[in-house]
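Notes for the one structure printed next.
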Amino acid sequence: MKHFLTVFRYELKTQLLKKAGIVAMVVMMVLALAGTSLPRIIALFDTDKQAAVEETAPETAAKIAYVFPDEATKALLAPVTGPMPLVMDLREDLVKALQEGSIEVGFVVTADLGYEAIYQDRSMYDTRDSDFAAALSRLKKEQLILSHGLTTAEFNAIENTQIKGATTVLGKNSGTTYWLSFILMLMVYMIVLLYGATVSSIIAREKDSRTMEILITSTRPSALILGKVAAAGVAAIIQFGMVVLTAYIGFQINKSTYPEMIVMMVSGTLTTSYLLTFLFFSFFGFILYLFLYAALGSTVSKMEDLGSATGLVQFLFIFGYIMASIAAQTPNSSLAVVSSIIPFSAIMVMPMRAGVITVPWGQLLPAGVLMLVFVAFFAYLSIKIYRWGSLNYGNKTKLSRIVREALRREGR
Amino acid sequence: MKLQVQDIKKSFGEKEILHGISFEVVSGRAMGFLGRNGAGKSTTIRCLMDVFRQDSGQFLLDGQVFKPWEKRIGYLPEERGMYQKNDVLGQLTYFAMLRGANKADALKTAHYWIDYFGLGDYKKKKLETLSKGNQQKIQIAQAFLNEPDILVLDEPFSGLDPVNAQVFKDTIANFVKEGKLVIFSSHQMSYVEEVCDDVTLIHEGHILLTGDLKQIKRQEGQDKLQLSLAEGSLEALKQQLAAAFAKVDITLVNNSLILDTQGTNLQAQLMAWLAKEEVKLRSFGLYEPSLTDIFIQKVGEHA
């Protein structure tokens with residue numbers, strides 16, 4: 001225990017003081033703060049844009065010209081075109097004005113309130129033709145309502161008749177919980193890949209630089225592996241904890257500017273049962289992967305071989321990610337249920353399922369127990385493989401043989 | 001303390017590297033473990049340190065099975081490595097703590113050995129920023145942390161310049177004086193000859209000789225005389241002697257002749273012959289072979 005703490009403290013200090021890690025953490029904290037402040041920032045720009053639109057409205061209006069079939073239609077369309085529209089006699093005049101650049105868009109209106117919109121060049125975001133169409137449609141609808149002897153107010157009252165009804169969701173409403181669960185899954189994905197790679201490279205570097213021989217003759221391999229994995233785990237919690245805390249602070253500060261739907265989404269997802277499920281499976285799944293990465297880091301003799309050695313575990317993890325994406329759509333499918341029990345995929349699938357549905361205890365308990373058993377077994381195996389790795393340099397060995405030889409060795 | 005290496009065998013795959021080697025090391029006497037590259041020195045030391053597990057045989061310390069992790073041992077592996085990107089003081093303190101020291105003692109011993117090797121200015125520097133020679137000193141310093149009772153050093157002199165080698169020799173000598181058990185492997189005979197009281201010679205996984213160095217030298221020099229000339233040709237003298245003493249084996253080595261009387265007690269007759277022939281001698285006496293001579297001879301016999 002004493003040596004475990006020595007290794008843990010040393011590795012944790014080394015990881016937390018790494019400049020690259022500090023910079024990455026600060027960047028992520030800034031991004032988290034910026035991300036959660038986005039609604040406020042957008043609102044600021046929207047106000048400006050609205051003001052700008054209001055200011056430039058007359059100018060824009062001046063760049064539109066109309067050709068009417070008669071004075072009656074012109075008068076009828078006054079609410080749409082404004083009281084003093086730029087009117088031309090013929091379509092050809094309008095085309096000429098467009099080609100000369102004196103107007104930007106022209107509308108040729110027909111007697112039955114049809115129209116032709118003519119542009120010289122049309123930008124991607126120009127909606128003046130569709131706006132005009134909507135206004136004409138509204139006008140025509142009002143004419144029809146009047147022709148049936150109704151006023152517009154009467155018609156609106158009929159159209160907006162409300163049905164009294166309520167929806168009660170006893171479990172989870174995946175419509176509101178899906179997105180936050182998905183974001184948290186992505187965070188777990190990043191943490192595992194980032195810190196898994198860190199652990200495997202620390203061990204591979206120790207082996208590459210032959211520091212391992214000094215370590216292995218100084219203390220027990222169990223203290224070394226457990227200390228390193230625990231340090232990586234705590235470093236991840238501290239560093240990502242800071243990012244999550246920043247995001248939480250950002251959310252609280254900017255909460256008033258968020259659409260109600262998003263506030264509901266967050267509060268609807270972050271229930272105690274979900275948080276407990278998320279924390280349990282993400283944490284132990286993370287530790288499980290750290291042991292896998294540590295074991296594979298011990299099998300290489302040179303740093304450049306590390307990528308290919310850890311390929312298998314990355315494949316396993318990406319499989320879990322795909323399963324979690326499937327589980328988000330079909331959380332009760334057999335595939336989702338099975339993959340939420342297998343520890344390698346349960347790390348992401350179970351929290352995802354718990355986010356969108358209420359997972360029965362009959363599935364949660366076996367998955368939890370299996371996760372703990374796997375963590376214990378792979379901790380033991382990674383210690384054995386680490387010890388095996390300290391003796392083996394040079395030739396590449398098949399993983400199955402490594403496991404066999406590692407488990408066969410007796411003693412420390 | 002007495003460390004006994006008993007009938008150690010070790011194979012890698014189908015190839016047996018150590019063929020049942022045995023020797024002893026006692027505290028207060030430095031043991032030089034000699035052999036050519038690939039003779040099995042590092043494998044023996046790694047088995048001793050439990051880096052490898054031997055296939056058969058055992059290591060005993062004072063009659064009990066030797067468990068290196070239960071003893072205060074300073075170990076310098078042949079292939080030295082430390083954390084390049086970490087600071088010197090921090091990692092030496094860490095190693096001392098891993099070997100059982102508390103934080104205060106670990107810091108104290110780390111400071112002491114860094115200062116001892118004259119690297120006090122580099123305590124807070126990353127190892128990779130030190131010169132190669134200074135990095136070697138730090139690597140050696142880690143073996144001396146925590147006042148070990150047993151020192152196991154694999155090729156400690158390799159790569160050291162003469163000044164650093166002298167500092168290191170003095171350090172080992174101090175440990176021996178304090179009654180510590182010291183074993184180190186080397187193929188650099190001169191260092192072993194200067195530092196060691198006992199030697200063990202390993203060749204292709206077999207022990208060729210082991211014991212007190214002085215006694216070995218006497219034994220290997222038995223019945224042999226050595227002469228060098230103040231004037232004249234050694235080659236001509238060799239031919240004259242060969243003609244006069246058919247039973248004496250004569251070898252020309254480094255400007256001198258080695259006369260092996262092979263138990264024939266011809267020493268007096270040889271002296272008389274040299275006097276009669278008025279050979280101008282620079283030196284004449286009992287031959288004491290150097291460790292290099294013994295090494296070459298023994299390895300040659302088994303080549």
message: How high is the relative contact order of the range B:222-301? Use alpha-carbon pairs under 8 Å, at least six apart in sequence, and give a whole percent.
response: 42
query: Using bins 10 angstrom wide from zero, how does P(r) for the range A:64-153 break down, in % of all Cα pairs?
result: 16, 47, 28, 8, 2
- line: A correct Kirkwood calculation over the Cα atoms of the range A:212-272 returns a hydrodynamic radius in Å of 15.0
- request: Over all directions, average the projected area of the Cα convex hull of chain A and note it in nm².
  value: 30.8
message: Suppose we take every Cα in the protein assembly as shown and form the convex hull; what volume per residue is that in Å³?
response: 279
- prompt: How far, in nm, would the chain grow between B:Gln58 and B:Glu194 when pulled straight, counting 0.36 nm per residue and subtracting the alpha carbon separation?
  reply: 46.0 nm
message: For chain A, take the longest principal axis of its alpha carbons; what is the angle in degrees between that and the long axis of helix A:399-408, to the nearest 10 within 0 to 90?
response: 40
- prompt: When DSSP beta bridges are limited to those with both residues in the range B:114-232, what percentage is antiparallel, rounded to the nearest 5?
  reply: 55
query: Out of residues 5 or more away from B:His203 or on other chains, whose amide H comes under 5 Å of its own, with H placed 1.01 Å from N in the peptide plane?
result: B:Leu208
message: I need the semi-axes of the equivalent ellipsoid of the range B:222-301: take the C-alpha gyration tensor, multiply each eigenvalue by 5, square-root it, list largest first in whole angstrom.
response: 21, 15, 11
message: Just to be sure I understand: of the beta bridges DSSP finds with both ends in the protein assembly as shown, what percent are antiparallel, rounded to 5?
response: 65
statement: The helix A:260-269 Cα axis meets the longest alpha-carbon principal axis of chain A at an angle in degrees, between 0 and 90 and rounded to 10, of 20
statement: Here, the range A:164-281 modelled as identical Cα point scatterers in vacuum has Debye log10 I(q)/I(0) at q = 0.10, 0.11, 0.12, 0.22 Å⁻¹ of -0.49, -0.57, -0.63, -1.31
- prompt: Once all Cα-Cα distances of the range B:84-242 are split into 10 Å bins that start at 0, what whole-number percent is in each one?
  reply: 9, 29, 26, 17, 9, 6, 3, 0
message: At 222 nm, what value in deg cm²/dmol follows for chain B if DSSP H runs of at least 4 each add -39500 (n - 2.57) and the sum is divided by all its residues, to the nearest 500?
response: -11000 deg cm²/dmol
- line: So, with points 7 Å from each Cα along the Cβ direction, the A:Val338-A:Ser325 label distance in nm works out to 2.0
field: P(r) histogram, all alpha-carbon pairs of the range A:174-408 included - 5 Å bins from 0, percent
entry: 1, 7, 14, 17, 17, 14, 11, 8, 6, 4, 2, 1, 0
query: Given +1 on the Cβ of Lys and Arg, -1 on the Cβ of Asp and Glu, and no further charges, what dipole in debye does the range B:222-301 carry about its Cα centre, rounded to the nearest 20?
result: 100
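Throughout, read-outs are computed from the coordinates displayed, never taken from laboratory work. All figures in this text were calculated on a predicted structure; none of them were measured in a lab. Glycine gets a Cβ as well: all are built from the backbone with ideal geometry, and neighbour counts include every protein chain shown.
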